[in-house]
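Reading through the structure tokens given below for one structure.
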Amino acid sequence: MSDCYQSCAITGSGGSGAVTAGMLVLEAAARAGNHGLMTRSAGPQIRGGESAAMLRFGPAPVTCMGDSFSILAALDWGNFARFAGEIPLTAETLILADPGAGKLPPELEAYRAQTRWINLRELADALPGGRFNMVAVGAIAACAALPLKAVLDAAAAILNTKGPEVTETAHGCIRLGYQQLPTDGRSRSALPEVPRRWSLSGNEAAGLGALRGGVRFVAAYPITPATEVLEWLAPRLARLGGALLQAEDELASINMIIGSSFGGVPSMTATSGPGLSLMMEGIGLAVASETPIVVVNVMRGGPSTGIPTKSEQADLNIALHGLHGDAPHLVLAALDIADCVLTLHWATRLAEHLQTAAIVLSDQLLGQSRSIVDPPEMPDLPNLPLGRRCAEAVPGSDYRRYQLTEDGISPISAPGLSGLSYTADGLEHNESGTPSSMAADHGAQLAKRRDKLTHFDVGSLWAEITGEMTGAGDLCLLTWGSSHGAVLEAAARLRASGRPTRVIGVRLIAPLQREALRAATAGASVWVVELNQDGQLFHYLRSEAALPEGARSFSRSGPLPLRPAEILDAIAAESADD
Amino acid sequence: MTNPRTNWARTNRASTERAGHPSTTLGAKDYKSEIKPVWCPGCGHFGVLAALTKAFAYLGLPKDEVVTVSGIGCSSRIPAYIDGYGFHGVHGRALALAAGLKAARPDLTLVVTGGDGDGFSIGGNHFLHACRRNMDMTYIVMDNEVYGMTKGQASPTTQPDWSHSKLTPRGTGVPRFHPAAIALAAGASFIARGFAGSPNELVRLLVQALEHPGFALVQVLSPCQTFRPEQKAWKQAVHTIAEPAPADPSEAARLIQGDDGLALGVLYAQRAPVYQPRNQVEAELADIEAEFLL
Ligand SMILES: Cc1ncc(C[n+]2csc(CCOP(=O)(O)OP(=O)(O)O)c2C)c(N)n1
Ligand code: SF4
């Protein structure tokens with residue numbers, strides 16, 4: 001299946017326009033009828049470091065980057081060595097390079113024969129204000145067999161805010177670049193009838209999912225790679241009558257959203273690892289006071305400040321176990337860019353209905369990648385009434401905010417409603433909310449907060465399950481988060497080679513749907529695949545006795561994303577040992 | 001989709017009634033809950049609770065539209081003792097929680113209560129930013145220059161030579177935090193000091209603070225009977241400053257820097273821009289989703 005895709009990496013020093021070029025090629029590919037995915041990579045520098053856009057597109061949805069790139073376009077060679085690990089090439093890779101930017105770096109000497117030299121700078125200089133990254137876009141498009149019209153239309157759409165002269169110059173540069181390669185008459189071909197797709201990043205998708213779920217208040221402190229969730233949300237929340245407050249720190253942001261949610265407005269914050277660490281006490285307060293909140297954690301390499309600009313799936317442990325005391329809460333993970341919409345939508349509704357905290361894990365790879373997808377539909381979310389279960393005042397009897405009910409959900413109120421006042425409390429309390437240190441109250445409230453989560457029937461959304469099983473010993477690849485994409489492609493190749501393979505992408509990690517998971521993996525040879533050093537999901541599932549005998553872990557640290565081939569290699573190596 | 005806020009929002013009855021027509025229907029005791037305070041007999045916090053409920057009654061605030069928010073400490077127990085909506089949160093974060101609540105629900109009257117440890121130590125950063133954000137809320141800090149709830153450690157307002165804490169047996173050796181001076185520098189628009197043992201004066205200050213549009217700090221000297229029994233002497237030492245309150249920051253700075261920390265009254269009051277998101281619906285979700293279409 002991978003054969004139907006085109007792939008291309010565009011590299012340059014920070015500020016050279018590699019990412020803009022990538023966006024343009026992606027949008028041009030979309031206009032030519034393709035699905036596509038573009039991931040970004042940057043070094044720690046703000047400017048002057050390295051920057052790359054990696055793209056893959058084709059007629060079917062693109063779930064991951066694949067094993068290697070067929071085109072490498074270098075805007076310059078600044079700090080290229082730092083990308084060596086991220087951009088695997090093969091003997092077939094075509095390198096587009098500008099002689100004006102200097103010689104091939106030593107890492108690429110072996111590819112000298114496949115290098116096509118194009119005078120990007122010289123060509124751009126032919127037009128006043130011309131930019132060489134736009135010449136490169138034209139050359140890449142020609143290489144990738146994209147019709148010229150798709151590229152010109154994409155440039156017009158992306159640059160439309162910059163004025164007609166900028167677009168005109170860009171069009172000139174793109175044409176010059178396009179002419180550098182043979183095009184088999186493609187340049188004149190009319191664009192196909194293309195379904196109107198969406199272009200969205202994981203961070204935008206997370207924001208949209210939250211809006212769909214009803215979030216109208218966000219408080220947050222900027223942190224890479226979560227900031228774009230906030231940048232996208234701020235103006236849109238304002239238009240929807242909500243608000244985003246830039247807090248002084250994460251301790252403030254988590255408490256701010258607890259306050260706004262207490263006020264009756266579904267609320268969210270977004271952060272990344274170091275911020276999540278700071279929020280833990282506040283998340284516990286939301287759990288204890290039964291105030292619904294959503295925390296999106298866009299993971300990056302850790303621990304500590306780690307690798308802010310690159311991905312890892314290593315915050316699962318803190319998301320599951322970081323709260324003190326017995327503090328049951330929801331932990332979810334989005335499986336791909338479009339799935340960020342669904343997962344956030346669902347997480348918000350779950351948190352609101354169950355009156356608890358939901359931590360939703362995304363990661364840099366999802367958050368800062370852009371995808372061309374069919375518009376994500378409004379799902380029919382099973383078993384989930386809209387919004388909070390609201391209390392009604394009963395004359396003559398006192399409102400008990402933390403009343404023990406059959407399903408553990410106590411009707412909630414909000415300031416302004418008469419006859420339903422209460423004090424929300426992080427101190428242990430009785431049913432009325434009065435602080436209590438009595439064993440009976442503690443036991444009852446702890447059990448209620450746990451049972452309302454575990455007794456709730458979440459339906460089938462807890463995981464995405466693909467692939468039939470035919471009998472004992474079939475493969476089952478269990479995974480979470482952005483690794484799902486590479487696992488799906490690995491599974492497709494296994495099936496193509498005759499090996500029935502099931503993939504389970506776990507969307508709801510806590511409370512764990514143990515029985516459903518056991519049923520889905522029964523009799524299979526299970527691998528748990530994830531991007532962290534020691535297999536955090538694997539160990540969690542083992543501790544929950546949720547894995548069949550002999551289940552194995554394939555995990556390695558980030559920041560390089562998992563590639564299908566290495567998953568296959570790991571499975572093949574293990575089978576050889578058996 | 002409709003704005004979820006409209007499910008909850010009520011007309012701002014509180015402010016219309018307050019405008020010149022104090023309601024007489026509710027007395028101070030109507031604002032008290034049935035929960036008995038956990039405080040030591042003689043604790044200054046009793047006086048603050050009494051003054052606060054009197055201020056509510058004076059202003060005729062509808063009980064369901066006042067929210068009391070606090071952190072952790074003896075003083076932070078106040079929300080449970082008021083019959084109305086409250087949030088007893090975590091240590092030091094009350095101002096942040098209140099800011100979120102106010103941003104989401106501008107129709108409510110917000111009172112934040114806590115101690116000097118809660119507000120100026122663990123919550124110090126939030127204090128600075130609450131002053132400069134100037135959202136409409138009243139912050140009452142019950143200052144007893146000690147951590148009461150954790151049994152007698154030095155707080156940021158403790159004198160450097162106070163050596164009665166086991167944690168700092170030789171004193172803190174660190175100059176005291178000066179709430180009024182710092183609030184002024186950080187941009188607070190209303191700064192007052194009261195005393196738990198001067199109930200009438202305290203009610204008057206709290207009424208002014210509640211009526212002030214913007215962030216109003218009321219530092220209340222509230223003696224800790226148990227760990228700072230010497231604070232009984234405050235009764236004789238406090239003194240009232242001349243009115244009217246300065247509206248000019250440099251004049252206020254002179255007053256605040258020159259005082260002995262026991263001067264009661266409004267130290268600074270000035271109209272300043274109040275931060276509040278607009279909360280106005282101008283688009284539907286479908287308009288926003290349309291932006292993604294290629
Ligand atoms: C994160 C955190 N750290 C420490 C504590 C312990 N603690 C509880 S109350 C308190 C100090 C309270 O002092 P203050 O705010 O001055 O109020 P008072 O009790 O004197 O009224 C401390 C340190 C806590 N609850 N949470
Ligand atoms: S310890 Fe001090 S502050 Fe706490 S209740 Fe007792 S007297 Fe009041």
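By how many degrees, between 0 and 90 and to the nearest 10, does the Cα long axis of helix B:94-104 differ from the longest principal axis of chain B? The two axes meet at around 20 degrees. Just the accessible area per residue of the protein assembly as shown, please: how many Å² with a 1.4 Å probe? Computed with neighbouring chains in place, this is 37 Å² per residue. Compared with its chain on its own, the range B:64-78 contains the following residues whose accessible area drops by 20 Å² or more in the full protein assembly (probe 1.4 Å; ligands, DNA and RNA excluded): B:64, B:77.
Extending 7 Å from Cα along the Cβ direction at residue A:81 and again at residue A:304 yields two label points whose distance is 2.5 nm.
How far is helix B:124-133 tilted, in degrees, relative to the longest principal axis of the Cα atoms in chain B, given as a value from 0 to 90 rounded to the nearest 10? Computed tilt is about 50 degrees. Counting only protein chain heavy atoms and rolling a 1.4 Å probe, the accessible areas of B:102, B:54 rank, largest first, as B:54, B:102. The phi torsions of the range A:62-74, fed into the Karplus equation with coefficients 6.51, -1.76 and 1.60 and a -60° offset, translate into couplings of 9, 9, 7, 7, x, 8, 7, 10, 8, 10, 10, 10, 9 Hz, rounded to whole numbers, with Gly and Pro shown as x. Each Lys or Arg adds one and each Asp or Glu subtracts one; over the other residues with Cβ under 14 Å from the Cβ of residue A:293, this totals 0. Projecting the Cα atoms of A:394, A:405, A:382 onto the dipole axis of the range A:373-432, where Lys and Arg carry +1 and Asp and Glu carry -1 at the beta carbon, places A:394 farthest toward the positive end.
Between residue B:40 and residue A:454, the modelled label-to-label distance comes to 4.3 nm, taking each label 7 Å out from Cα in the direction of the beta carbon. Once both labels are positioned 7 Å from their Cα atoms along Cα-to-Cβ, the gap between residue A:519 and residue A:397 label points is 3.7 nm. For residue B:148, the shell of other residues with beta-carbons less than 13 Å away shows a net charge of -1, using +1 for Lys and Arg and -1 for Asp and Glu.
The simple Förster model, with R0 at 22 Å and r as the Cβ-Cβ distance, assigns residue B:225 and residue B:150 a FRET efficiency of 0.85.
Once backbone amide H atoms are built at 1.01 Å from N, residue A:478 has A:504, A:527, A:528, A:529 as its partners under 5 Å, excluding neighbours fewer than 5 places away on the same chain. Within the accessible surface of the range A:150-307, defined with a 1.4 Å probe on protein heavy atoms only, the carbon and sulfur portion equals 53 percent. When shorter helices are ignored and each DSSP H run of at least 4 residues is given -39500 (n - 2.57), the per-residue value for chain A at 222 nm works out to -11000 deg cm²/dmol. For the range B:55-86 versus the range B:109-138, the inter-centroid distance based on Cα atoms is 15 Å. With K and R counted +1 and D and E -1, the other residues having a Cβ less than 15 Å from that of residue B:186 yield a net charge of +1.
Remark: accessible area buried at the B-A interface is about 5100 Å², both chains counted, probe radius 1.4 Å. The charge dipole of the protein assembly as shown, taken about its Cα centre with unit charges on the Cβ atoms of Lys, Arg (+1), Asp and Glu (-1) only, comes to about 1260 debye. Explain nothing, just the number: relative contact order of chain A, from Cα pairs under 8 Å at least 6 residues apart, as a whole percent. For chain A, the relative contact order is 12 percent. Based on C-alpha pairs under 8 angstrom that are at least 6 apart in sequence, the range A:1-128 has a relative contact order of 25 percent. In whole angstrom, note down how far apart the Cα centers of the range A:525-540 and the range A:245-280 are. Their Cα centres are 30 Å away from one another. For helix B:44-59, report the angle its Cα long axis makes with the longest principal axis of the Cα atoms of chain B; keep it between 0 and 90° and round to the nearest 10°. Tilt of helix B:44-59: around 40 degrees. Across peptide A:213-222, the mean count of Cβ atoms from other chains lying within 10 Å of each residue's own Cβ comes to 3. Within 10 Å of the Cβ of each residue in B:47-55, the mean number of Cβ atoms contributed by other protein chains is 0. Extension gain for residue A:324 to residue A:406 (0.36 nm times residue separation, less C-alpha to C-alpha distance): 26.9 nm. So what is the relative contact order of the range B:92-155, in percent, for Cα pairs below 8 Å that sit 6 or more residues apart? Relative contact order of the range B:92-155: 38 percent. Counting heavy atoms of the protein chains alone, residue B:275 has an accessible area of about 90 Å² for a 1.4 Å probe. Most fluctuating residue of B:266, B:238, B:48 in a GNM of chain B with Cα springs under 10 Å: which is it? So, out of B:266, B:238, B:48, the one fluctuating most is B:238. Simple rule: put +1 on each Lys or Arg Cβ and -1 on each Asp or Glu Cβ in chain A, find the dipole, and look at A:18, A:124, A:492; the Cα lying farthest toward the positive end is A:124.
Near the amide H of residue A:390, within less than 5 Å, lie the amide hydrogens of A:412, all on another chain or at least 5 residues away, with H placed in the peptide plane. Taking GluC sites (Glu not before Pro) across the range A:281-379, the ones in a DSSP loop with at most 16 further Cβ atoms lying within 10 angstrom of their Cβ are A:377. Protein heavy-atom surface of the range B:22-63, 1.4 angstrom probe: 62% of the accessible area is carbon and sulfur, with nucleic acids and ligands not counted.
Counted over the protein assembly as shown, the DSSP beta bridges are approximately 35% antiparallel. Residues whose amide H comes within less than 5 Å of that of residue B:152, counting only those at least five positions distant or on another chain, are B:147 (H built at 1.01 Å from N in the peptide plane).
Stretching the chain fully between residue A:438 and residue A:156 yields a gain of 94.7 nm (0.36 nm per residue, less the alpha carbon separation).
Computed over protein heavy atoms with a 1.4 Å probe, the carbon and sulfur contribution to the accessible area of the range B:97-188 reaches 56%.
The values are calculated or read from the model by the stated rules, or taken from the named source; none is laboratory data. What you see is a predicted model, and the numbers here were worked out from it, not measured in a lab. Methodologically, a virtual Cβ is constructed for each residue, glycine included, from the backbone with ideal geometry; neighbour enumeration extends over all protein chains shown. For the accessible areas, the whole protein counts, side chains as well, though only heavy atoms, and no ligand, DNA or RNA atoms are used. Shrake-Rupley method; radii C 1.70, N 1.55, O 1.52, S 1.80 Å.
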